[in-house]
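The values are calculated or read from the model by the stated rules, or taken from the named source; none is laboratory data. Since the model is a prediction, treat every value here as computed from it, not as a measurement. Here Cβ is always computed from backbone atoms with ideal geometry, including for glycine, and neighbour counts include all displayed protein chains. Heavy atoms of the whole protein, side chains included, go into the accessibility calculation; ligands, DNA and RNA do not. Shrake-Rupley method; radii C 1.70, N 1.55, O 1.52, S 1.80 Å.
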Amino acid sequence: MKVLLVDDHILIRKGIMLLLENEGFEFCEAQDGPEALAAISCNCYDIVLLDISLPGQNGIEVLKLIKRERPNLPVLMLTMYQEEQYAIRAMRAGASGYLEKNSPPKILVEAMKNICSGGIYLSEKLKNLIAEEVILGHKPDSHRHSELSDREFQIACQLSYGKTVKQIADEIHLSVSTVSTYRSRLMSKLSIKSNSELTLYMIQSGIIQ
């Protein structure tokens with residue numbers, strides 16, 4: 001089973017490969033979106049393991065580009081972000097599964113094998129989130145964040161954790177002015193005026209804890 005592992009932290013990539021070295025996987029690596037897209041353009045893979053926090057384009061944006069180039073290539077999002085934050089967005093963008101990095105290795109292996117067999121991987125938590133979306137729909141008061149772009153949502157989460165605009169800019173390799181523009185847009189869409197109000201909204205919406 002040939003796997004493309006996309007993560008900007010080399011220690012994370014090596015750690016995953018070490019954990020799964022006896023499971024019959026053949027790994028190739030990429031550290032960002034352009035490298036991942038270049039890899040899939042000239043190689044065949046059975047599955048892509050894709051992080052969300054990448055330099056430049058975030059993982060959701062990269063996922064959309066991968067599915068545009070290779071619609072049938074399954075992608076498992078493997079990230080530190082909790083399912084409440086990005087899972088629904090990832091599945092809508094074409095992911096075949098979503099798994100937090102703190103999951104046991106046996107769960108990762110199970111998810112990969114299931115996806116490569118043509119299935120999808122949904123944890124119980126994610127099944128409940130999807131059921132809630134279907135049953136409740138998007139209520140304007142409680143789902144204002146559904147109007148945010150993927151980048152705006154990413155920055156909203158980071159601001160909610162107390163990161164400054166400069167810290168976010170350095171982390172995702174954008175200029176401070178660009179991140180500030182995203183911040184202004186997301187605040188306007190959420191009808192929020194301060195970072196403390198944003199944090200409260202994200203907690204009440206169940207996006208962060």
Taking the chain and dividing mean pair separation by its residue count, relative contact order in percent (alpha carbons under 8 Å, at least six apart): 16 percent
Tell me the GluC sites (Glu not before Pro) within the stretch 12-75 that lie in a loop according to DSSP and have at most 14 other beta-carbon atoms within 10 Å. GLU21, GLU23
Of the cross-linked pairs LYS163/LYS193; LYS2/LYS113; LYS67/LYS189; LYS67/LYS101; LYS64/LYS166; LYS67/LYS163, which ones have a Cα-Cα span greater than 20 Å in the structure shown? LYS67/LYS189; LYS67/LYS101; LYS64/LYS166; LYS67/LYS163
Folded to 0 to 90 degrees: helix 176-190 orientation relative to the chain principal axis, Cα: 70 degrees
Using DSSP to call loops (not H, G, I, E or B), can you name the chymotrypsin sites (Phe, Trp or Tyr not before Pro) in the stretch 1-85 whose Cβ has at most 13 other Cβ atoms within 10 angstrom? none
Can you give me the accessible area per residue for the chain, using a 1.4 Å probe, in Å²? 49 Å²
Nearest 10 degrees is fine. How inclined is helix 59-69 to the longest principal axis of the chain, computing both from alpha carbons? 50 degrees
If one takes the longest principal axis of the Cα atoms in the chain, at what angle in degrees, from 0 to 90 and to the nearest 10, does the Cα axis of helix 124-136 lie? 50 degrees
Given H placed on each backbone N at 1.01 Å, which residues far from ASN58 in sequence or on other chains put an amide H within less than 5 Å of it? none
Computing the accessible area with a 1.4 Å probe over protein heavy atoms, can you report the carbon and sulfur percentage for the stretch 57-115? 49 percent
Once label points are set 7 Å from the Cα along Cα→Cβ at both GLU171 and ASN72, what is their separation, rounded to one decimal in nm? 3.8 nm
If one puts a single equal scatterer on every Cα of the chain and applies the Debye formula without solvent, what log₁₀ I(q)/I(0) results at q = 0.08, 0.10, 0.11 Å⁻¹? -0.28, -0.44, -0.53
Ordering ASP32, ASP7 by how much accessible area each has at a 1.4 Å probe, largest first, what is the list? ASP32, ASP7
Calculate one ³J(HN,Hα) per residue across the stretch 25-36 by plugging θ = phi - 60° into the Karplus curve 6.51 cos²θ - 1.76 cosθ + 1.60, and present them in order as whole Hz with x for glycine and proline. 9, 10, 9, 10, 10, 8, 9, 7, x, x, 5, 5
Alpha carbon convex hull of the stretch 145-185, projected area averaged over orientations, nm²: 2.5 nm²
